[in-house]
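Shown next, in structure tokens, is the structure this report addresses.
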Amino acid sequence: MSDQTRRRAAALLEVLGVFLAGLFLRDLIAEWLIRHRLVDPTNPYDLLTVNSTNADLLRASRQMALVLLLQYGSYFLLIVPINWWYRRRGPAAYGLTRAGRSWKALLLIGLATAALVEWPLPIHTIVNAIHPLGPTVPWRQAFFDMSWLRWQCWLYAAISSYAVIPVVEELVYRGYYQRRLAEDWGDAPAIVGTACFFTFAHGQYLHPNVYNATLILTLLLSALGFGVVFAWTRSLIPSMIAHSIIDIPMTPAWDGVLLALFLIGVFFTWRRGVTTLKGVF
């Protein structure tokens, strides 16, 4: 076995080990907290129904924040010592850097990324509104069907989708998994591997119907775009911005507006996007 093969195997085993050990550690911590009655064991998704009250949504928000803290906190209990061992220290080691670019440039790159890779999602939503493509999981459908005209609903969405999730997922998937794989596999395999890993980790879409199949494809395209822009900029800020945009809950009418904006963005940025893609791959 060559030295390169050993390094690649070690990188892959490290990433898989962190993922599996993180889940195991999460379950251990959660079990201990529940056994000592330090946390509420209620699943936040069980609190989501069409008739969820404001109190239900506030409780679901607290529970979702706890779930995310346990899940991603467990990952970082492993990632931080590993990075320290490899002398990867400071925010830049996790992708939290401007990488020599201005905030304006990073914002524009994030918006361009969203336009170039996320345009299929509003199409999916609009088509599904006209001709239903199939059912989704009950808690997700309940969120779509409930009234959004209350701040408690948007607080829950902020925690479970457009504000917190883009930060923690990008830190783990691009900031650690992709960066670690890229060290020994190169950017292209790391981007593709992490994108597949990221996509199929979203278990709520792994149900056999047209609705979920098209969502999986749009999610995979977005994940590839997030990986490319991180490899190009070496900053997680653009991918966090793009990720946040795709996670904002919207009605079909607002998805139509978003699609129009995306198409305008694609018209002005596709050449630069192709050049960037060729450079990274």
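What to note about this one:
- Wholly enclosed helices (runs of 4 or more DSSP H) of segment 136-176 bearing at least 2 residues at pLDDT below 95, farther than 30 Å from Ala231 by Cβ and not hydrophobic (A, V, I, L, M, F, W, C): 138-145
- Set side by side, the residues Leu96, Leu108, Leu78 differ, and just one is surrounded by 14 or more Cβ atoms within 10 Å (Cβ to Cβ), among the aliphatic types (A, V, I, L, M) and in contact with a helix residue (DSSP H, G or I) (Cβ under 7 Å, 6 or more places away or on another chain), which is Leu78.
- Residues in segment 104-135 that are more than 18 Å from Gly256 (Cβ to Cβ) and free of Cβ contacts under 8 Å to residues at least 60 places away in the same chain: Lys104, Ala105, Leu108.
- One residue stands out among those in segment 53-109 that are of a type in the set (Ser, Thr, Tyr) and assigned to a helix (DSSP H, G or I): the one that is nearest to Gly227 (Cα to Cα), which is Tyr94.
- Residue list for segment 20-42, restricted to those being in contact (Cβ under 8 Å) with a residue 12 or more places away in the chain and within 30 Å of Ala190 (Cα to Cα): Ala21, Gly22, Leu23, Leu25, Arg26
- Test result for Leu121, closer than 23 Å to Leu217 by Cα, of a type in the set (A, V, I, L, M, F, W, C) and in contact with a helix residue (DSSP H, G or I) (Cβ under 7 Å, 6 or more places away or on another chain): yes
- Summed over segment 195-237, the residues that are among the polar types (S, T, N, Q) and farther than 26 Å from Trp103 by Cα give a count of 6.
- Residue count, segment 59-85 (criterion: small (Gly, Ala, Ser) and in contact with a Leu (Cβ under 8 Å, 6 or more places away or on another chain)): 3
- For segment 44-59, the count of residues that are surrounded by 13 or more Cβ atoms within 10 Å (Cβ to Cβ) and either of a type in the set (Phe, Trp, Tyr) or farther than 22 Å from Ala158 by Cα (or both) is nonzero.
- Any hit, segment 111-122, residues being surrounded by 17 or more Cβ atoms within 10 Å (Cβ to Cβ) and assigned to a loop (DSSP other than H, G, I, E, B): yes
- From the options Ile264, Ile246, residue that is among the β-branched types (Val, Ile, Thr), in contact (Cβ under 8 Å) with a residue 24 or more places away in the chain and surrounded by 14 or more Cβ atoms within 10 Å (Cβ to Cβ): Ile246
- Apart from one condition, Leu20 fits all of (1) over 17 Å from Tyr176 (Cα atoms); (2) loosely packed, with under 13 Cβ neighbours inside 10 Å; (3) out of contact with any Asp or Glu (no Cβ under 7 Å at 6 or more places or on another chain); the exception is (1).
- Among all residues of segment 178-195, there is at least one that is out of contact with any helix residue (DSSP H, G or I) (no Cβ under 9 Å at 6 or more places or on another chain) and surrounded by fewer than 17 Cβ atoms within 10 Å (Cβ to Cβ).
- Residue among Thr251, Thr233 that is at pLDDT 90 or above and surrounded by fewer than 15 Cβ atoms within 10 Å (Cβ to Cβ): Thr251
The values are calculated or read from the model by the stated rules, or taken from the named source; none is laboratory data. What you see is a predicted model, and the numbers here were worked out from it, not measured in a lab. Ideal geometry is used to build each Cβ from the backbone, glycine not excepted, and the neighbour counts take in all protein chains shown.
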